[in-house]
Amino acid sequence: MFTNFGFYTLLLTLLVNGISIFSNFTGFKKIIIFFCRLSFMFISISFISLIISFIISDFNNLNVFQNSHSSMPIMYKIAGAWGSHEGSMLLWIFVMNLYIFLFSFNKTLKFKIKRWAIFFQSILIFLFCLYVLLTSSPFLLNPINVNEGLGLNPILQDPLLVIHPPLLYLGYVGFSLIMSIALAGLITNDIEESWIKVTKIWSLFSWSLLTAGIAMGSYWAYYELGWGGWWFWDPVENVSLMPWLAGLALVHTLSITNHNHFLKRWAIFLSILCFSLSLIGTFLVRSGILTSVHSFASDTTRGLFILIIFFVVTTFSFLLFLVKSPKEKNNLNLLFINKPTALIINNIVMLLACFTVFLGTIYPIIIELSLNQRVSIGAPYFNKTVIPIVLPGLLLMSIAPILSWESNKFKNKLIYIYALILLSLILIILSFFSTFSVFGILGLLLATWIILGTLFNIFQNLRKYKGKKYLFFLRTNNSLIAHFGVGLLILGITSSSVFQKEYSNSIKLNEKLNFDKYSLQLKKIDVVDKDNYQGLVGIFLLYEKNKFVGEIKPEKRFYKSNSMITTEAGIYNNIIEDFYLVIGDRNKEGWNIKFYVNPLVILIWLGAGIMFLSGIMSLWRF
Amino acid sequence: MAFLKKFVLFLPIIITIFLFGILVSYLLSDRDANKPPSALLNKNIPNFSTVNLFDENKKLFKKDIEDKVTLINFFASWCIPCKQEHPLLEDLQKKFPNLIIVGFNHKDSKKDAIKFLEENGNPYTFIGIDDGSIGLEFGVFGLPETFMTDKNGKIIFKHIGPLDKKTIKTNILPYLNL
Amino acid sequence: MKILISLIIILLSLSLFAEKSNHQTFIELTKNLRCMTCQNQSIHESDAEFSLVIKKIVKDKLKQGESKEDIEDFLVQRYGEYILFEPMFNYKNLFLWVSPFFILILSGFILFINLKRNR
């Protein structure tokens with residue numbers, strides 16, 4: 001029943017958006033706001049219907065049958081609603097609608113711009129409704145009569161499935177609203193303060209959520225895949241990174257756009273670029289033309305449809321940009337070291353990084369098509385290109401927020417320079433006593449410089465600020481705080497990748513193995529029996545220099561419904577290091593184990609968390 | 001300079017159209033992300049020597065098949081998709097009795113392999129034992145894999161995974177004007 | 001100041017001469033190799049049958065004193081460039097390797113000219 005209900009409300013969403021598009025050209029223009037809210041109501045009902053079908057395990061619904069099992073915990077049943085391709089596309093439409101619904105309450109924009117923004121968003125919603133209805137409906141009826149479902153992909157059966165996709169989509173799909181607002185600004189030719197402010201709010205919001213979504217995804221991959229890493233430069237990751245980088249450029253550009261027409265045009269271009277990248281990215285991962293380590297549903301025929309949506313939307317937007325973009329001229333006040341220059345460098349670096357990621361993702365396709373050879377472009381390529389490219393931008397980061405708009409000077413210049421030199425000296429000397437690596441030194445240098453620089457500035461501002469409203473202080477210093485987060489992130493990235501230690505061996509019950517100064521003892525193997533899986537939990541005791549540190553419990557799970565085995569890494573964290581243990585197959589010499597020591601890896605998520613929070617915090621300023 | 005400026009302005013649209021063209025033709029070109037084109041295509045057959053599965057005294061070398069159109073098929077008894085394509089190989093052998101079909105029994109035990117052939121029939125002209133080293137020379141990574149060689153000793157076609165009627169019709173039959 | 005900077009340079013150049021052990025090369029190499037039967041996974045991370053075979057080959061060849069490049073060539077001849085995660089630097093991949101840095105330098109140059117003009 002809910003299946004039909006969901007289907008018809010989705011159909012109604014399509015219809016309402018069709019009418020809404022049409023109504024923009026009639027006499028009753030105000031009605032478009034009503035339609036936009038009506039559409040949100042319908043899509044919510046549709047989306048909730050799907051979730052209910054999952055909760056009640058209605059296997060008459062084909063999608064529920066294929067992706068759920070009655071033995072799964074309720075949490076995964078709900079999350080299963082967006083665990084498949086079909087359901088996640090419904091979530092996509094829901095998010096697009098949610099954004100325009102919230103936007104429709106805006107009171108600062110002129111109605112003209114608002115109307116056009118809703119109009120463009122309605123077109124996007126219309127196209128995606130069409131896409132879901134024609135190629136990937138989650139509301140198909142199951143042709144056979146069954147009492148049990150096939151079960152959700154075990155890798156997805158994880159608490160993070162509940163939160164990661166919605167968060168990621170709120171960021172990734174949120175850029176659609178920013179594009180719609182940008183197009184509305186273009187077509188009305190009315191780009192003023194309020195337009196900038198609204199764009200700023202929504203792009204900061206989406207971008208912050210995308211940051212959180214990506215960070216969460218990487219944490220998920222970290223403990224689920226069991227390879228001790230958290231970023232693999234996999235197509236699925238790259239595809240979320242591209243709009244993130246473009247969004248980063250956009251957020252920074254908007255921070256100073258008030259002053260300049262050239263930058264307004266640039267901000268519009270970036271707004272279009274962000275969502276275009278979201279679209280092409282969705283095509284790349286959904287069409288199945290690239291292989292990925294992450295579980296993802298894919299299908300060629302469905303790919304073609306998204307590709308056409310991408311083509312139509314992007315070409316139209318760029319054409320509109322070409323024809324209608326504001327023509328007023330005034331040049332940027334670029335000085336050797338002031339804020340506009342820093343901003344330009346930020347934009348060049350971020351967009352170039354984005355371009356490189358994109359090139360690396362798409363290049364194998366071009367090569368295969370033209371030469372019938374296949375090449376792989378993986379982590380080594382991206383590490384060797386993207387990292388050197390972003391270095392100059394990162395160097396600027398610790399001081400950028402305090403640079404002045406106009407003048408060429410900034411306070412305490414010498415302190416920074418001496419600090420940089422001193423730091424590099426200390427690090428190089430230290431590196432002689434441990435493993436030497438150029439990337440290691442550069443990363444640590446940058447990270448410490450950014451952390452110290454931002455902290456120094458935060459404390460300087462704090463001294464000036466004697467009031468009691470600390471929240472206000474945090475809000476106004478949010479860019480410094482965000483950059484501090486990036487410093488932590490770089491520190492985490494560098495230390496956990498360059499100074500990671502990796503060991504593998506076989507271990508018998510009660511045996512104690514030494515790995516440098518650490519040792520591991522396998523105390524026992526527990527068997528757990530859950531509704532949806534059977535698990536083997538190895539209980540390991542970790543010692544450092546023969547002193548007991550803690551227990552690590554890596555797990556292997558056998559999922560009954562689809563006979564799949566997954567690994568769950570056991571992680572013991574003592575803030576400074578992650579002790580990361582994976583249990584493998586059993587052979588004559590015992591259990592194969594892989595043991596990683598990842599120093600400071602937690603800073604990656606701490607840093608990303610700070611970036612996310614400072615982004616959200618800054619919204620209170622408006 | 002003015003032209004350059006125009007070009008830069010149009011660049012996003014040009015790139016979009018270019019991308020669209022490339023991706024559409026890739027989508028429609030019937031490629032599989034899990035089946036990369038072979039590195040050996042249009043190259044010489046790699047050197048090998050193998051011993052007959054049934055008779056240790058019979059041997060096969062690269063030079064024996066260099067001047068003939070040959071179908072080379074890597075299979076094993078533990079490989080389930082191999083069973084699936086086996087009848088098609090039998091059909092081929094019946095239709096083209098002169099076609100040389102060399103089977104390489106890849107990382108298998110002799111006993112299992114012989115049992116497999118007894119149960120499913122033997123379409124091969126010669127079955128060589130491959131301990132894995134021949135597969136390595138041919139760049140084999142997933143069974144079954146099938147190669148087609150021409151009269152000049154060049155590899156002209158490679159298929160990963162079980163053969164199907166369509167593949168045989170479009171990629172193998174055209175070369176079989178014996 | 002000058003002394004400090006030269007000290008940094010000297011120390012850096014000294015440390016570049018450190019030799020890599022066989023084990024380090026092994027890890028570096030296997031991280032650069034694709035497990036052909038897996039989904040976008042490196043040999044290093046994978047425990048698939050294919051990966052185990054290639055790991056053994058790499059280990060043996062390193063023991064015999066073959067260089068990283070020799071081993072990569074050996075595998076590329078058989079499995080194609082697809083097996084390398086780091087695309088080779090050749091004509092085909094020229095654009096891939098050069099364009100990011102070319103654009104970086106070009107845009108840096110344009111920025112520099114603009115800065116100079118504004119001064």
Log entry, pairs with first residue in segment B:127-142 being not assigned by TED's automatic domain parsing to the domain that holds residue B:109 and surrounded by fewer than 23 Cβ atoms within 10 Å (Cβ to Cβ), second being in a strand (DSSP E or B) and charged (D, E, K, R), beta carbons closer than 6 Å, six or more apart or on different chains, reads none
Pairing a residue in segment A:374-385 that is facing chain C (nearest Cβ under 7 Å) with any residue that is of a type in the set (Val, Ile, Thr), where Cβ atoms lie under 8 Å and the two sit 6 or more apart in sequence or on different chains, gives A:374/A:367; A:375/A:367; A:376/C:83; A:377/A:361; A:385/A:356
Residue set A:151, A:228; condition within 14 Å of chain C (Cβ to nearest Cβ) and buried (at least 22 other Cβ atoms within 10 Å of the Cβ); output residue A:228
Condition check: over 15 Å from residue B:163 (Cβ atoms), of a type in the set (A, V, I, L, M) and in a strand (DSSP E or B). Does residue B:60 satisfy that? yes
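Mind telling me which of the residues A:167, A:210 ends up being in contact with a Ser or Thr (Cβ under 8 Å, 6 or more places away or on another chain), free of Cβ contacts under 8 Å to residues at least 60 places away in the same chain, under 29 Å from residue A:495 (Cα atoms) and among the aliphatic types (A, V, I, L, M)?
Numbers: A:167 fails: in contact with a Ser or Thr (Cβ under 8 Å, 6 or more places away or on another chain).
Matching residue, one of A:167, A:210: A:210.
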Expected output for segment A:355-369 (first residue within 16 Å of residue C:83 (Cα to Cα), partner part of a helix (DSSP H, G or I) and among the aromatic types (Phe, Trp, Tyr), Cβ below 6 Å, 6+ apart or cross-chain) is A:360/A:381; A:360/A:382; A:365/B:26
Of A:300, A:341, the only residue that is more than 23 Å from the chain's Cα centre (by Cα), at pLDDT below 90 and closer than 30 Å to residue A:67 by Cβ is A:300
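Identify, please: which residue in segment A:357-373 is more than 30 Å from residue A:449 (Cβ to Cβ), more than 7 Å from chain C (Cβ to nearest Cβ) and not aliphatic (A, V, I, L, M) and is, among those, surrounded by the fewest Cβ atoms within 10 Å (Cβ to Cβ)? Lay out the reasoning, then the answer.
Step one: of segment A:357-373, the residues more than 30 Å from residue A:449 (Cβ to Cβ) are A:361-373.
Adding the requirement that they be more than 7 Å from chain C (Cβ to nearest Cβ) leaves A:361-362, A:364-366, A:368-370, A:372.
Restricting the remaining residues to those that are not aliphatic (A, V, I, L, M) gives A:361, A:364, A:368, A:370, A:372.
Working: A:361: 24, A:364: 23, A:368: 19, A:370: 10, A:372: 13.
Once the filter is applied, the top-ranked residue is A:370.
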Over segment A:301-321, the set of residues facing another protein chain (nearest Cβ under 7 Å) and either under 20 Å from residue A:175 (Cβ atoms) or crowded, with 21+ Cβ neighbours inside 10 Å (or both) is A:303, A:307, A:311, A:314, A:315, A:318, A:319
Quiz item: Does residue B:77 count as more than 21 Å from residue B:175 (Cα to Cα), surrounded by 14 or more Cβ atoms within 10 Å (Cβ to Cβ) and assigned by TED's automatic domain parsing to the domain that holds residue B:125?
Solution: yes
Among strands (runs of 3 or more DSSP E) completely within segment A:484-577, the ones holding 2 or more residues that are surrounded by fewer than 18 Cβ atoms within 10 Å (Cβ to Cβ) and either of a type in the set (Lys, Arg) or under 27 Å from the mean Cα position of the chain (by Cα) (or both) are A:518-529, A:570-573
Restricting segment B:5-59 to residues that are among the polar types (S, T, N, Q), crowded, with 16+ Cβ neighbours inside 10 Å and more than 14 Å from chain C (Cβ to nearest Cβ), the one farthest from the chain's Cα centre (by Cα) turns out to be B:16
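Would a scan of segment A:234-248 turn up a residue that is outside any helix (DSSP H, G or I) and in contact with a His (Cβ under 8 Å, 6 or more places away or on another chain)? Full working, then the answer.
Kept after step one, since they are outside any helix (DSSP H, G or I), are these residues of segment A:234-248: A:234.
Next cut, in contact with a His (Cβ under 8 Å, 6 or more places away or on another chain) only: A:234.
Yes, that holds for at least one residue.
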Can you say whether residue B:108 is in contact with a strand residue (DSSP E or B) (Cβ under 9 Å, 6 or more places away or on another chain), away from chain C (no Cβ under 14 Å) and acidic (Asp, Glu), as far as the supplied structure shows? no
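Test of understanding: among A:218, A:206, A:255, which residue is surrounded by 21 or more Cβ atoms within 10 Å (Cβ to Cβ) and either among the small types (Gly, Ala, Ser) or more than 21 Å from residue A:170 (Cα to Cα) (or both)? Outline the logic, then answer.
On the way: A:218 fails: surrounded by 21 or more Cβ atoms within 10 Å (Cβ to Cβ); A:255 fails: surrounded by 21 or more Cβ atoms within 10 Å (Cβ to Cβ).
Answer to the selection: A:206.
May I ask you to verify whether residue A:370 is out of contact with any Ser or Thr (no Cβ under 7 Å at 6 or more places or on another chain) and either of a type in the set (Lys, Arg) or modelled with pLDDT under 70 (or both)? Steps first, answer last, please.
Working: out of contact with any Ser or Thr (no Cβ under 7 Å at 6 or more places or on another chain): yes; either of a type in the set (Lys, Arg) or modelled with pLDDT under 70 (or both): no.
Considered against the rule, which asks whether it is out of contact with any Ser or Thr (no Cβ under 7 Å at 6 or more places or on another chain) and either of a type in the set (Lys, Arg) or modelled with pLDDT under 70 (or both), residue A:370 comes out as no.
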Condition set surrounded by 17 or more Cβ atoms within 10 Å (Cβ to Cβ) and part of a helix (DSSP H, G or I), scope segment C:32-56, selection nearest to the other protein chains (Cβ to nearest Cβ): answer is C:50
Among the residues of segment A:568-580, the number that are closer than 14 Å to residue A:225 by Cβ and among the aliphatic types (A, V, I, L, M) is 2
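A quick yes/no check of all residues on (1) surrounded by 24 or more Cβ atoms within 10 Å (Cβ to Cβ); (2) within 23 Å of residue A:615 (Cα to Cα); (3) within 14 Å of chain C (Cβ to nearest Cβ); (4) aliphatic (A, V, I, L, M):
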{"site": "A:234", "(1), (2), (3), (4)": "no, no, yes, no"}
{"site": "A:239", "(1), (2), (3), (4)": "yes, yes, yes, yes"}
{"site": "A:243", "(1), (2), (3), (4)": "yes, yes, no, no"}
{"site": "A:265", "(1), (2), (3), (4)": "no, no, no, no"}
{"site": "A:269", "(1), (2), (3), (4)": "no, yes, no, no"}
{"site": "A:275", "(1), (2), (3), (4)": "yes, yes, no, no"}
{"site": "A:278", "(1), (2), (3), (4)": "yes, yes, no, no"}
{"site": "A:286", "(1), (2), (3), (4)": "no, no, no, no"}
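The values are calculated or read from the model by the stated rules, or taken from the named source; none is laboratory data. Just so it is clear, the structure is predicted and the values come from calculations on it, not from any experiment. Reconstructed Cβ throughout: ideal geometry from the backbone, glycine too, with neighbour counts over all protein chains shown.
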